[in-house]
1. Among the residues in the range 225-234, are any within 11 Å of the ligand (Cβ to nearest atom) and either touching a residue at least 12 places away in the same chain (Cβ under 8 Å) or within 30 Å of residue 371 (Cα to Cα) (or both)?
2. Assess whether residue 272 counts as being away from the ligand (no atom under 14 Å from the Cβ) and out of contact with any helix residue (DSSP H, G or I) (no Cβ under 7 Å at 6 or more places or on another chain).
3. Is the range 285-297 home to any residue that is within 9 Å of the ligand (Cβ to nearest atom) and surrounded by 16 or more Cβ atoms within 10 Å (Cβ to Cβ)?
4. Go through the range 298-317 and report how many residues are closer than 15 Å to residue 349 by Cα and either touching a residue at least 60 places away in the same chain (Cβ under 8 Å) or away from the ligand (no atom under 13 Å from the Cβ) (or both).
5. Could you tell me which residue of the range 365-375 is farthest from the chain's Cα centre (by Cα), considering only residues that are in a strand (DSSP E or B) and away from the ligand (no atom under 13 Å from the Cβ)?
6. How many of the residues in the range 310-364 are assigned to a strand (DSSP E or B) and surrounded by 18 or more Cβ atoms within 10 Å (Cβ to Cβ)?
7. Every residue in the range 378-397 that is part of a helix (DSSP H, G or I) and within 20 Å of residue 343 (Cα to Cα), please.
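Derivation of every value follows stated rules applied to the coordinates shown; laboratory data play no part. Note that this is a predicted model, so its numbers are computed, not measured. With ideal geometry, Cβ positions are generated from the backbone for all residues, glycine too; neighbour counts draw on all protein chains shown.
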Ligand code: C5P
């Protein structure tokens, strides 16, 4: 499997600042994740950070000498704070200790890391700060004041998360994990083509119960829908994801509603559709469900007789949303998973469902896989998005949707 994040940060130069905290060990993993995503990383460490992890480790991972002092004579002009802050595409401080955040809030410049944050050209070089500290330190009014100050001054907070802490306590203040930080940074650099728009997405299969232990479902993994949810959130949208039964982690920043059957999916979608600007139906909704669900497990009776199952048709969620009154209707995107004549069937389906855009793919060769190939079918014709991993495809699709979907009156400010 190819790493979907490989190359996502190619050409980006990140200054990774470490201040003092146990979470410095996660910064080593974070540096590695950034390099694997294609970024170049210049590590800058405070004196306190060097008490937790050695510059040798960070140098080995970043393949560059670590800078720890503003008096570092290796800089030709001896102005490390200027050089380092000018060449960065972003400065990320991870971990950011309570003390370091206080320094930032006050504009102190006693150590190189604080100095280069102060010296950065703020309009061009974003400052992202990942706090890491004990929960009492995080909750202290002084820290909260300082955090509010640095945010007002233009810094962006990454986390913190809640959970077990190195000190043995449980609460807010944990630094995000290395992969979460990497994903936040990748999201930071994505074009904000859906900023302010609300996107509703269905994903995964549905499960139609026969009895309490059996049911009918299909091979949809939900991966495409979850990738679209992530890509839409990265593009600045407010995203609601209605998911059938799948075991996938919820993309960061996405509101998720879990459902099981097609009827439950419709019940979740319908009240939300009116408050969303765009609806992307990727779910492989079961066409039929058993006419009746047995309250108890259906047992063999020893005669060899088989149960007679009768079916009824499920509601078509996409068509129902697409036929809401115009003022209440989001801009609808459907998916068509076909086994043959993919584009012809997709064209017919787009007209039948009454939607502006349908995304065709070859069902049997995509279900459960990490890659896919898509054909976009709209009133103007077809456009192919060639085979790629689902996250890259989702980002491309989100850009296509953003370019087509009109900005509705309901768009949030
Ligand atoms: O009709 P068909 O299942 O081929 O159409 C596929 C498209 O319609 C997908 O976008 C799917 O999410 C949506 N759909 C739906 N409700 C159904 C059946 C399909 O929303 N009951």
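1. yes
2. Answer is no for this residue.
3. For the range 285-297, residues within 9 Å of the ligand (Cβ to nearest atom) and surrounded by 16 or more Cβ atoms within 10 Å (Cβ to Cβ): present.
4. 1
5. Restricting to residues being in a strand (DSSP E or B) and away from the ligand (no atom under 13 Å from the Cβ), the top hit is 375.
6. Residues in the range 310-364 being assigned to a strand (DSSP E or B) and surrounded by 18 or more Cβ atoms within 10 Å (Cβ to Cβ): 12 in total.
7. First pass over the range 378-397, keeping only residues part of a helix (DSSP H, G or I): 390-397.
Within the range 378-397, 390, 393, 394, 396, 397 qualify.
One line per residue, one yes/no per condition, for (1) touching a residue at least 24 places away in the same chain (Cβ under 8 Å); (2) assigned to a helix (DSSP H, G or I); (3) surrounded by 14 or more Cβ atoms within 10 Å (Cβ to Cβ):
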| position | (1), (2), (3) |
| --- | --- |
| 65 | no, no, no |
| 70 | yes, no, yes |
| 74 | no, no, no |
| 99 | yes, yes, yes |
| 108 | no, no, yes |
| 115 | yes, yes, yes |
| 121 | yes, no, no |
